[in-house]
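Everything below concerns the one structure shown next.
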Amino acid sequence: ESLDEFYSALLILGRNCNCPSVLANEHTELLVRDPFVAGVQKGDRIAIYLPVIPELIYAMLACARIGAIHSVVFAGFSAESLFERILDSQCILLITADGFYRGEKLVNLKQIADDALEKCKDKEDFVVKKCIVVQHLGDKVKNNHGQICCNILQLFWNCETDMRWDVLMKDSSEQCEPEWVDAEHPLFILYTSGSTGKPKGVLHTVAGYLIYTAISFKYVFDYHDDDVYWCTADIGWITGHSYVIYGPLANGATCVLFEGLLLYPHVGRLYEMIEKYKVTKLYTAPTVIRMLMKFGEEPVRKFNLRSLKILGCAGEPINPEAWTWYYNVIGNGQCPIIDTFWQTETGGPMMTPLPAATALKPGSTTFPFFGVLPAILNEHGEELEGEAEGYLVFKQPWPSILRTVYGDNERFEMTYFKQFPGFYLTGDSCRRDGEGYYWITGRIDDMLNVSGHLLSSAEVESALAEHSAVAEVAAVSHPHPVKGECIYCFVTLKDGRELTQTITDELKNKVRQKIGPIATPDYIQNAPGLPKTRSGKIMRRILRHIACNEKDLGDTSTLIDPTVVEVLFSQRCQAAA
């Protein structure tokens, strides 16, 4: 089949292989043999900014084999986001590509990477020495008329830093001895949004993380040698790390690797892939399921999905309607739904049903996985027994728990352990019903869960506040039929400025440039004032009610100016129109 088909469809790795690091054998030399990159050693940090292509997997496993620590940055993030992550983890090498297509849209990844490195150069502690570039598109870049127009690397090339992947690989040896490391040696850093606005570098280690992902993959998906497994997550997120790469390959699994959009070039693309490769185990996100629901059952009927045995979902709570549609339409009422709850910090599922062993309830993540001890606390830190709702915590560590926030252990302790000493705080609220089933009910902090990706309200607010017309801003979550949640922003402008369509567009572009398209607000509302306590704290709880047009606000006695609430309600209709 064509190279395009290979890149966008099937990658079989790991057959008859007990250790995933061995799979990188023929690719690891590019990090150790070339004189320009000589010096990459155990413990060095390597930034990887690639689309979902085989070279991304090769690079990650190459790092693991020689004891380097990879830091994968989602290819949809902006130059600013890439710059922050490179600088925070002090990466000495960047691996990127010329570009890729997201549907019909060309993403010039090399230009974004160049912009990030330029920002790094202004910093005294800048340490990136070289940039390895995968020529993914080559001469296949087309203009708006579908004509071949250029080669990105001919336009964006820095002779001082850039090196071509294919040139480095041409004469590389097929042998690379692994670097033996301690069980607690860092495997990777993966950044997740923090409530302060600065992303947290979650650090996972070799042995504990691999043990948990390997075992959880085997039992949660009931994996067998004749299975074909497909996780649709981007590798730039923890689901991609754990259940596209490490967990499946540690079990020698046959996996589908997909580059592109699940609705392109037609709405039945996901079903087409399942039929073509006879996928037996599918792991996707509730936002994907809701997106497919919009197009109804007709596209499903065009394809044969009888190979499916298990359907999984992760990233955010799944509503019962989407769960039922997933079960009845895609699974034909025959496949158990494995609704997993976990986080970047946990490394693998903490709550999950086991196929054919757990009685299911639509929307419930059911029970804890092996060795996981959850608890529900009230605001005073008292453990609630039986049927209850409150803060979800865990009472003891598990193998793949994060070991620290890279470079900031104090933040690690403050975020996860200070509020309730002796417990790991998830940041989620949870309900346990009379039969002991757990139901995740949402975030308890100022985080935003958009399409299963956790974003910080402070991060979004910081980007918007950079606009010259903005005096103050607050961002909250708002229900969305496809994404689960979207971002609703209340913006107070400086005197004499009006919230025109031009300013609204500029504000959205600010967020896209600073964070990435995924963080673009759906709603921006003019806010002459914001509801605040007498100490000056913005009451985001009230703003969430306003965004949803819910008049029952609860206790508002601490507001310094209650009249601002009515003003915001009166202007809400314009923003939500």
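The values are calculated or read from the model by the stated rules, or taken from the named source; none is laboratory data. Here the structure is a predicted model, which means the values were calculated and not measured. FYI the Cβ positions are ideal-geometry reconstructions off the backbone, even for glycines, and counts take in every protein chain you see. Side chains are part of the model used for accessible areas, which takes the heavy atoms of the whole protein and leaves out ligands, DNA and RNA. Shrake-Rupley method; radii C 1.70, N 1.55, O 1.52, S 1.80 Å.
Tell me the accessible surface of residue 71 in square angstrom (1.4 angstrom probe, heavy atoms of protein chains only), to the nearest ten.
0
If you count, for each residue, the other Cβ atoms within 10 Å and average over each peptide, how do 367-373, 483-489 line up from highest to lowest?
Values: 367-373: 16.0, 483-489: 23.1.
Put in order of decreasing packing, that is 483-489, 367-373.
Place the peptides 423-429, 123-129 in order of packing, highest mean first, counting for every residue the other Cβ atoms within 10 Å and averaging per peptide. Don't jump to the answer; show the numbers that get you there.
On the way: 423-429: 19.6, 123-129: 12.3.
The peptides rank, most packed first, as 423-429, 123-129.
Could you check what % of the DSSP bridge pairs in the chain are antiparallel, to the nearest 5?
On the way: 51 of 85 bridges.
About 60 percent, rounded to the nearest 5.
Out of the DSSP beta bridges found with both residues in the range 454-561, what percent are antiparallel (nearest 5)? Write out the running numbers ahead of the final one.
Values: 12 of 16 bridges.
Here the share of antiparallel DSSP bridges comes out near 75 percent.
For the chain, what does -39500 (n - 2.57) per DSSP helix run (n ≥ 4), summed and divided by total residues, give at 222 nm, in deg cm²/dmol to the nearest 500?
Details: 18 runs with 156 residues, N = 577.
The helix contribution divided over the chain gives -7500 deg cm²/dmol.
Return the sequence-ordered ³J(HN,Hα) values of the range 333-342 in whole Hz as given by the Karplus equation 6.51 cos²θ - 1.76 cosθ + 1.60 applied to θ = phi - 60°, using x for Gly and Pro.
x, 10, 10, x, 8, 9, 8, 9, 10, 6
Might you tell me the accessible area per residue for the range 186-322, computed with a 1.4 Å probe and given in Å²? Spell out each step's value before the answer.
Details: 4550 Å² over 137 residues.
That works out to 33 Å² for each residue.
Around residue 44, under 14 Å between beta carbons, what's the net of Lys plus Arg minus Asp minus Glu among the other residues? Provide the component values of the computation, followed by the final result.
Details: positive: 42, 45, 65, 129, 130; negative: 179.
Charge balance near residue 44 sits at +4.
About its Cα centre, what dipole magnitude does the chain give when the only charges are +1 on Lys and Arg Cβ and -1 on Asp and Glu Cβ, stated in debye to the nearest 20? Spell out each step's value before the answer.
Details: 54 positive and 72 negative charges, 134 e Å.
Using Cβ point charges on Lys, Arg, Asp and Glu, the chain gives about 640 debye.
Carbon and sulfur together cover what percent of the accessible area of the chain at a 1.4 Å probe radius? Write out the running numbers ahead of the final one.
Values: 12080 of 24380 Å².
Carbon and sulfur atoms account for 50 percent of the accessible area of the chain.
Hey, what did the chain get for relative contact order, percent, Cα under 8 Å, at least 6 apart?
On the way: 1194 pairs, mean separation 67.7, N = 577.
Computed over the chain, the figure is 12 percent.
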